[in-house]
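Colleague: I'd like to ask you about the structure that follows.
The values are calculated or read from the model by the stated rules, or taken from the named source; none is laboratory data. In this text, all values refer to a predicted model and were calculated from it rather than measured experimentally. For neighbour counting, all protein chains shown are included, and Cβ atoms are generated from backbone atoms with ideal geometry for every residue, glycine included. SASA here: full protein model, heavy atoms, side chains in, ligands and nucleic acids out. Shrake-Rupley method; radii C 1.70, N 1.55, O 1.52, S 1.80 Å.
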Amino acid sequence: MESAAELDTDPAAALVTPARLYPVVLAAGAGSLATEIAASRLLAPYFGSSTVVWANIIGLILIYLSVGYWIGGRIADRHATPQRLGAILLIAAACLAVLPFIAHPILGVALRGFDAVSIGTIAGSFVATLALFSAPVTLLGMASPFAIRLALVDVREAGTVSGRLYALSTLGSIAGTFLPALVTIPLIGTQRTMLAAALLIALSAVLLLDARWLAVAGVIAALLLVPPGTVKESAGLIFETESQYQYVQVVQSDGKRELQTNEGISSQSVYRANTVLTGGEWDMFLVVPPLVDHPVHRVLIIGSAGGTTARAYSAFYPQAQVDGVELDPAVSDAGRRYFALDSIAQLHTYNEDGRVFLRRSDQRYDVIVIDAYRRDYIPFYLATKEFFQLCRDHLHSGGALAINAAKVPEDDRLAAAVRGTVATVFPSTWTWKALRFNEMILGLDQPAAPHAQLVAREDALAPELAVLRPSFDANLVAVSASADPLTDDRAPVEWLSDRMFIAHIANGGVLDEQLLPTAP
C-alpha cells in the first residue's frame with residue numbers, strides 16, 4: 001500500500017493538471033448516459049420500450065459502469081499515466097462510433113433467435129444490450145477513478161478532488177441524458193447522436209495524448225456525414241421515423257396501409273382507400289353507439305393513432321364529434337400523410353397523454369374509446385381502477401366505455417385483469433371476445449343488457465355492420481368485479497404480458513390475426 005508521502009511525489013500524477021481532466025470526466029459522463037438513451041432507441045424497433053426493456057438497459061449499463069470503476073481503479077493504481085487514460089477513452093469512442101452501423105444486424109439476429117426458442121422480449125433485449133454496449137460503457141466507467149488518481153497529488157485533498165471530479169462527471173451525465181432525449185435524437189437521429197457522443201469523447205482523449213490522434217476524431221466526424229440507413233427493414237416499407245417517444249413506420253401491402261410502432265408486432269392503424277371497415281379490432285367499436293341509451297353526439301378516442309376508428313365513426317355516425325387523443329405528434333403526422341386523417345371532418349386531434357388530457361378537460365362524452373393498449377405492453381396507468389373512474393367521471397349519464405384489450409388463446413390473464421378492474425367502477429361490464437387476439441371490454445354507466453339494447457335500437461346499426469351481430473350475440477359475456485383490481489400502486493401489466501406471449505409462442509402459436517367477417 002502506498003503511503004501519503006508516495007502519493008504526494010507520484011510522478012505520474014504530476015504529468016497532467018487537474019484542469020485538463022475536467023473536460024475528460026465531463027465527456028465520459030455525458031457519453032455513458034447518451035449511450036444509455038441511444039440504447040433505448042436502438043432496441044425499441046425490435047423489442048419495444050416497456051419497463052422490462054428499460055430495466056435491462058439501465059441494469060446492464062450500471063453493471064458495466066461498476067466493472068469499469070473497479071478495473072479503472074486497479075489499473076490506475078499500477079499504471080496511472082494520462083496517455084493510458086487517453087488511450088482508454090479513444091478506444092471507447094471508436095467502439096461507440098461503430099455501434100450505429102453494427103447494431104441493426106445484431107438486433108435482428110437476436111430478435112429472430114430468441115423468438116425461435118420462445119424466450120422473447122426479456123432475454124432478447126438483455127443479450128442484445130450485453131453484446132452491443134458492454135465494451136464502450138465499461139471503458140467509459142474507467143475514466144473517473146483513473147482521473148481521480150491522476151489529479152490526486154496530496155492525499156489530504158482526496159475528498160475535494162474526488163468530489164469535484166465526480167460532480168463534473170454527474171453534470172456530464174445530466175447533459176448526456178437530456179440533450180439526446182430532447183434535442184439531438186429528434187433533430188439529427190439516433191445514429192448521429194451516438195457519433196456526436198463518440199466525437200466528444202475522442203476530442204477529450206486527445207487532450208491527454210498528442211495532436212496526431214486528432215485523426216481518430218476526424219474519422220468519427222466524417223462518419224457524421226454518412227446518411228442514416230433504414231432503421232428497420234420491413235416488407236412494403238414506405239415511411240419511417242424516430243420520434244421523441246418511439247419508432248414509427250408505415251408499410252403497404254395487399255391494397256392497405258398499416259401504421260406500426262417500435263417492434264411492429266401489431267398495427268396501430270389500417271387504411272384502405274375504398275372502405276372504412278378493416279376486418280380487425282377497430283370494427284369492434286362500431287357497435288357501441290347503439291348501446292348508449294341516448295343519441296351519441298360526442299366521442300373520445302384515446303389512442304387515435306392514424307384515425308382508423310375516427311374515420312369509421314365519421315362514416316357511420318356522422319352526427320358525432322370526435323376528440324382523438326394521440327400521445328405522439330409523429331404518429332398524427334403519419335396519419336395525415338398516409339391515412340387521410342385531415343379528411344375526417346368531425347375529428348379534432350390532440351397530441352397529449354390520454355390520462356393527462358382527461359384530467360385537464362371538463363368535457364363529457366357519450367362514448368369513450370380506449371385503444372392505447374398495444375399488443376406488446378399497455379401503459380399501466382391506463383389500465384387501473386383510478387383511470388377507469390376518471391373515464392366514468394367524463395361520461396354523460398348512460399354513456400359507455402369501450403376498450404380494446406389484447407389476449408392470446410392460451411392466456412387471457414391480462415385482459416381478465418383489465419375487465420375485472422373495469423367492473424369495479426362500472427355497474428354493467430361486459431366483454432365481447434370478438435377476435436383471437438383482441439376483445440372489447442364494455443363498461444356501461446347504467447345497469448343494462450347490451451343484447452337487449454342493440455335489439456331495441458336495431459335501426460341505429462347500419463346495414464353494413466349487421467354482420468357483426470352474430471359474433472356480438474354469441475361472444476358477449478358479463479364480467480364480475482375483481483377482488484384484486486389493478487391500481488396506480490400495483491398494476492403488473494408487463495409481467496402479465498410477458499407470460500401471455502411466452503405461453504403463446506411456446507405452444508407454437510403465431511401472432512397472426514383472425515379478421516372479423518367485415519373484411520372487404
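Colleague: Just to be sure before I move on: is Ala315 open to solvent by 20 Å² or more (accessible area, probe 1.4 Å), of a type in the set (Gly, Ala, Ser) and without any contact (Cβ under 8 Å) to a residue 60 or more places away in the chain in the structure I sent?
Modeller: yes
Colleague: Would you please name the residue that is farthest from Arg311 (Cα to Cα), looking only at residues in segment 352-385 that are of a type in the set (A, V, I, L, M, F, W, C) and open to solvent by 20 Å² or more (accessible area, probe 1.4 Å)? Before the answer, list the steps.
Modeller: Of all residues in segment 352-385, those of a type in the set (A, V, I, L, M, F, W, C) come to 356-358, 367-370, 372, 378, 380, 382-383.
Retained after the next criterion (residues that are open to solvent by 20 Å² or more (accessible area, probe 1.4 Å)): 356, 380.
Values: Val356: 24, Phe380: 27 Å.
It comes out as Phe380.
Colleague: May I pose another question? Taking segment 453-494, which residues are modelled with pLDDT under 85 and within 33 Å of the chain's Cα centre (by Cα)?
Modeller: Scanning segment 453-494 gives Ala491, Pro492, Val493, Glu494.
Colleague: For Thr349, all conditions in the list (1) outside any helix (DSSP H, G or I); (2) surrounded by 23 or more Cβ atoms within 10 Å (Cβ to Cβ); (3) among the hydroxyl-bearing types (Ser, Thr, Tyr) hold save one; what is the number of the exception?
Modeller: (2)
Colleague: When segment 135-174 is examined, which residues are found to be open to solvent by less than 40 Å² (accessible area, probe 1.4 Å), of a type in the set (A, V, I, L, M) and more than 19 Å from Ile63 (Cβ to Cβ)?
Modeller: Ala147, Ile148, Leu150, Ala151, Leu152, Ala158, Val161, Leu165, Leu168
Colleague: While we're here: Criterion first (of a type in the set (S, T, N, Q), closer than 30 Å to Ala448 by Cβ and open to solvent by less than 20 Å² (accessible area, probe 1.4 Å)) does Thr261 satisfy it?
Modeller: no
Colleague: Another question, then. Got a sec? Which of Ile106, Ile57, Ile102, Ile61 is in contact with a Leu (Cβ under 9 Å, 6 or more places away or on another chain) and modelled with pLDDT of 90 or more? Step through it out loud before you land on a result.
Modeller: Numbers: Ile106 fails: modelled with pLDDT of 90 or more; Ile57 fails: modelled with pLDDT of 90 or more; Ile102 fails: modelled with pLDDT of 90 or more.
After ruling out the rest, the residue left standing is Ile61.
Colleague: Among (1) in a loop (DSSP other than H, G, I, E, B); (2) crowded, with 17+ Cβ neighbours inside 10 Å, there is one condition Gln244 misses while meeting the rest; what is its number?
Modeller: All conditions pass for Gln244, except number (2).
Colleague: Right, another one. Select, from Ala217, Ala198, Ala202, Ala222, the only residue that is at pLDDT below 95, touching a helix residue (DSSP H, G or I) at 6+ places or on another chain (Cβ under 6 Å) and assigned to a helix (DSSP H, G or I). Explain how you work it out, then say what you get.
Modeller: Numbers: Ala198 fails: at pLDDT below 95; Ala202 fails: at pLDDT below 95; Ala222 fails: touching a helix residue (DSSP H, G or I) at 6+ places or on another chain (Cβ under 6 Å).
Step by step, each of Ala217, Ala198, Ala202, Ala222 is checked, and only Ala217 is at pLDDT below 95, touching a helix residue (DSSP H, G or I) at 6+ places or on another chain (Cβ under 6 Å) and assigned to a helix (DSSP H, G or I).
Colleague: Among the candidates Ala434, Ala448, which residue alone is out of contact with any His (no Cβ under 8 Å at 6 or more places or on another chain), at pLDDT below 95, part of a loop (DSSP other than H, G, I, E, B) and surrounded by 19 or more Cβ atoms within 10 Å (Cβ to Cβ)?
Modeller: The match here is Ala434.
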